[in-house]
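*Asks:* After the structure tokens below, expect a handful of questions from me.
The values are calculated or read from the model by the stated rules, or taken from the named source; none is laboratory data. Computed from a predicted structure; not experimentally measured. Here Cβ is always computed from backbone atoms with ideal geometry, including for glycine, and neighbour counts include all displayed protein chains.
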Amino acid sequence: MVLAELGQKLTGALKKLNQASTVDDKTIKACLNEIAIALLQADVNVELVKKMKNDITMTFGMTQESGSDLRKMILGSVVESLTGMLSADRKPFEPKKGKTNIIMLVGLQGSGKTTTCTKLAYHYKKKNFRVCLVCADTFRAGAFDQLKQNATKVRIPFYGSYTETDPVAIAKEGVEQFKKEGFEIIIVDTSGRHRQEDDLFEEMKQVEKVVNPDETIFVMDSSIGQACKEQATAFKEAVRVGSVIVTKLDGHSKGGGAISAVSATNSPIVFIGTGEHFNDFESFNSESFVRRLLGLGDLKRLFETIKDVVPQEGQEEMMENLLKKNFSFKTMQTLYNSTLQLGSMNSFMSMIPGIGSQLAGAVNEKEGTAKIKRYLCVMDSMTQDELNLKKPLDDSRIRRLARGAGVHVDNITMLMAEFKQTKKMIEGMGSMGMAGGKNGNMDMKNMMRNPKQMAQMLGNKMDPRMLQQFGGAEGMMDMMKNIGGMGGKDGGMGGLQDMMSGMGGGGGGMPDMKQIQQMAASMGMGGGGGKKGKK
């Protein structure tokens with residue numbers, strides 16, 4: 001989860017508020033003090049923290065609410081204040097199809113700018129833009145080689161030179177060439193520079209002048225803390241910085257300095273980098289970011305992410321198999337292939353309400369990915385009859401699979417055990433269908449007509465520890481009512497139902513803590529998974 005340590009501290013402070021027998025001035029003050037300390041430790045600017053604390057205190061000095069209503073108001077005010085810190089008045093640039101859009105990236109040395117160029121290009125390529133890259137970084141040795149290798153991996157055209165040393169000339173020639181070839185998005189990578197390097201700043205201004213970008217993005221390393229504010233201000237004064245990309249949010253708890261800099265320069269964050277891979281790159285939404293930070297999740301983004309990853313035909317087939325309790329190795333193969341395309345697993349899990357904060361920091365991305373790839377290699381060696389459970393895996397078949405996949409037989413045994421566990425967990429969730437909707441799905445409309453019945457069902461289905469994170473069943477109901485705007489005709493739960501039905505998630509019910517742990521293990525998030533076998 002992004003900024004996992006900060007998220008855990010904020011969630012912990014709010015949890016204490018929920019557990020308090022009475023909510024008085026003393027309780028509120030203690031909660032706000034704990035939140036303020038967590039933000040300051042994460043390098044959020046002290047003035048911003050002070051303002052947030054004063055605003056919330058003033059709000060509750062004027063209210064007559066008490067108990068659960070007051071808790072909800074405090075949570076809402078914390079979300080609103082943190083969202084305000086991350087929001088800017090200026091709207092982010094949106095490239096237009098059918099015309100040339102030039103984007104120039106600037107930033108400090110070591111901020112991950114060249115990798116971010118490729119991530120950004122890959123993001124727009126997946127949206128069917130004609131994208132290309134120009135390397136105008138002649139200062140750092142190996143910069144062009146790095147961009148060339150990255151661009152080749154994602155099959156994006158690039159321009160650069162081993163002999164030309166003038167970045168202005170390279171930028172001009174590259175942009176002109178790609179313009180003639182009709183590319184829609186031209187991304188220009190520039191040299192990293194520090195605000196005290198006057199010559200390099202002058203060079204950056206010249207590059208901007210010749211390419212005349214539609215958008216200049218400041219790439220900000222989240223780990224440099226309070227220094228971000230001065231650096232961001234200097235870049236904004238030198239060139240027309242219109243937006244920000246924050247990198248390395250997966251590996252550092254002190255991302256607050258970058259957040260403060262965004263607030264100070266009034267430039268919106270457009271993307272965040274959450275890992276090393278090209279898929280570890282997210283469009284930024286301030287409210288979604290804050291809700292995930294607080295463990296409240298983001299169901300809308302969760303469904304959109306799954307919908308983008310799983311093809312329509314795959315969605316229908318998976319849904320049919322799940323409804324008929326026909327979970328096979330083939331279904332598991334589809335699930336694992338989709339999992340690899342989700343990007344950062346920590347980031348994905350943070351979208352699930354009540355889960356992200358509990359699993360924050362526990363997911364070993366590297367080991368989990370290696371484990372999934374190993375299991376996929378085994379399943380690729382299976383016949384169609386074996387994948388569809390028409391032929392049981394006896395000892396001779398297990399030995400054949402081990403030879404074919406190049407793994408030890410222990411890995412096949414581990415896969416079989418994990419398959420049984422996943423099958424039991426998924427089919428168990430499918431049998432928890434609440435309110436008896438069509439095909440066992442959640443009948444949202446009937447449930448919304450009777451909120452008390454809905455709240456009672458939620459209380460029976462959910463683990464009490466998870467339910468507490470939402471302020472009880474009523475708090476969970478409020479969250480579900482507020483989801484809205486998710487594709488339903490009435491703008492409410494119909495959209496949620498439609499999305500779940502379309503994405504194989506219509507099993508109904510909410511997972512308890514044991515199922516969360518099983519889910520984590522089944523997606524390669526439970527560590528190495530046993531002893532290492534020989535090939």
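*Asks:* Among the residues of the stretch 199-218, is there at least one that is closer than 19 Å to LYS172 by Cβ, under 24 Å from the mean Cα position of the chain (by Cα) and of a type in the set (S, T, N, Q)?
*Replies:* yes
*Asks:* Against the definition (small (Gly, Ala, Ser), modelled with pLDDT of 90 or more and either surrounded by 16 or more Cβ atoms within 10 Å (Cβ to Cβ) or under 19 Å from ASN337 (Cβ atoms) (or both)), how does ALA402 come out, yes or no? I'd like the intermediate steps shown before the answer.
*Replies:* Working: small (Gly, Ala, Ser): yes; modelled with pLDDT of 90 or more: yes; either surrounded by 16 or more Cβ atoms within 10 Å (Cβ to Cβ) or under 19 Å from ASN337 (Cβ atoms) (or both): yes.
Yes: the conditions hold for ALA402.
*Asks:* Is it fair to say MET414 is within 21 Å of GLN333 (Cβ to Cβ) and at pLDDT 80 or above?
*Replies:* Yes, satisfied.
*Asks:* While we're looking at this one, here's another question. Residues of the stretch 87-128 being modelled with pLDDT of 90 or more, within 24 Å of VAL207 (Cβ to Cβ) and surrounded by fewer than 16 Cβ atoms within 10 Å (Cβ to Cβ), which ones?
*Replies:* Of everything in the stretch 87-128, those that are modelled with pLDDT of 90 or more, within 24 Å of VAL207 (Cβ to Cβ) and surrounded by fewer than 16 Cβ atoms within 10 Å (Cβ to Cβ) turn out to be GLU94, LYS96, LYS99.
*Asks:* Of the numbered conditions (1) in contact with a helix residue (DSSP H, G or I) (Cβ under 8 Å, 6 or more places away or on another chain); (2) surrounded by fewer than 18 Cβ atoms within 10 Å (Cβ to Cβ); (3) among the charged types (D, E, K, R); (4) under 30 Å from THR274 (Cβ atoms), GLU164 fails exactly one; give the number of that condition.
*Replies:* Among (1) in contact with a helix residue (DSSP H, G or I) (Cβ under 8 Å, 6 or more places away or on another chain); (2) surrounded by fewer than 18 Cβ atoms within 10 Å (Cβ to Cβ); (3) among the charged types (D, E, K, R); (4) under 30 Å from THR274 (Cβ atoms), GLU164 violates only (4).
*Asks:* Go through (1) of a type outside the set (A, V, I, L, M); (2) surrounded by 16 or more Cβ atoms within 10 Å (Cβ to Cβ); (3) out of contact with any Cys (no Cβ under 8 Å at 6 or more places or on another chain) and name the single condition GLU237 misses.
*Replies:* Looking at each condition in turn, GLU237 falls short on (2).
*Asks:* Would you say GLY84 is at pLDDT 75 or above and under 27 Å from the mean Cα position of the chain (by Cα)? It would help to see each step written out before you state the result.
*Replies:* Details: at pLDDT 75 or above: yes; under 27 Å from the mean Cα position of the chain (by Cα): yes.
Spelling it out, GLY84 is indeed at pLDDT 75 or above and under 27 Å from the mean Cα position of the chain (by Cα).
*Asks:* Moving on. For the list (1) buried (at least 21 other Cβ atoms within 10 Å of the Cβ); (2) among the β-branched types (Val, Ile, Thr); (3) free of Cβ contacts under 8 Å to residues at least 24 places away in the same chain, I need the number of the one condition that VAL131 fails.
*Replies:* Result: VAL131 fails condition (3) only.
For (1) among the hydroxyl-bearing types (Ser, Thr, Tyr); (2) modelled with pLDDT of 95 or more; (3) outside the structural domain of PHE235 (by TED's automatic domain parsing), each residue gets a yes or a no:
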residue: LEU133; (1), (2), (3): no, yes, no
residue: THR138; (1), (2), (3): yes, no, no
residue: ALA143; (1), (2), (3): no, no, no
residue: PHE158; (1), (2), (3): no, yes, no
residue: GLU164; (1), (2), (3): no, no, no
residue: GLU184; (1), (2), (3): no, yes, no
residue: ARG193; (1), (2), (3): no, no, no
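*Asks:* Would you mention how many residues in the stretch 340-388 are at pLDDT below 90 and acidic (Asp, Glu)?
*Replies:* The qualifying residues number 2.
*Asks:* Okay, moving on. Could you say whether any residue in the stretch 53-76 is at pLDDT below 85, under 25 Å from the mean Cα position of the chain (by Cα) and in a helix (DSSP H, G or I)?
*Replies:* Yes, because at least one residue in the stretch 53-76 is at pLDDT below 85, under 25 Å from the mean Cα position of the chain (by Cα) and in a helix (DSSP H, G or I).
*Asks:* Among the residues of the stretch 383-412, which ones are in contact (Cβ under 8 Å) with a residue 24 or more places away in the chain and of a type in the set (D, E, K, R)?
*Replies:* GLU386, ASP410
*Asks:* Restricting attention to the stretch 143-160, does a residue exist that is hydroxyl-bearing (Ser, Thr, Tyr), touching a Gly at 6+ places or on another chain (Cβ under 9 Å), more than 23 Å from GLN231 (Cα to Cα) and surrounded by fewer than 17 Cβ atoms within 10 Å (Cβ to Cβ)?
*Replies:* For the stretch 143-160, residues hydroxyl-bearing (Ser, Thr, Tyr), touching a Gly at 6+ places or on another chain (Cβ under 9 Å), more than 23 Å from GLN231 (Cα to Cα) and surrounded by fewer than 17 Cβ atoms within 10 Å (Cβ to Cβ): absent.
*Asks:* Which number in (1) over 16 Å from PHE289 (Cβ atoms); (2) at pLDDT 75 or above; (3) among the small types (Gly, Ala, Ser) marks the one condition that ALA20 misses?
*Replies:* It is condition (2) that ALA20 fails.
*Asks:* Oh, and also: It is to be established whether one or more residues within the stretch 105-114 are charged (D, E, K, R), in the same structural domain as GLN231 (by TED's automatic domain parsing) and more than 30 Å from MET52 (Cα to Cα). So that I can check it myself, show each step before the final result.
*Replies:* Applying the first criterion (charged (D, E, K, R)) to the stretch 105-114 yields 113.
Among the residues that remain, those that are also in the same structural domain as GLN231 (by TED's automatic domain parsing) are: 113.
Those still in the list that are more than 30 Å from MET52 (Cα to Cα) too: 113.
Yes - at least one qualifying residue is present in the stretch 105-114.
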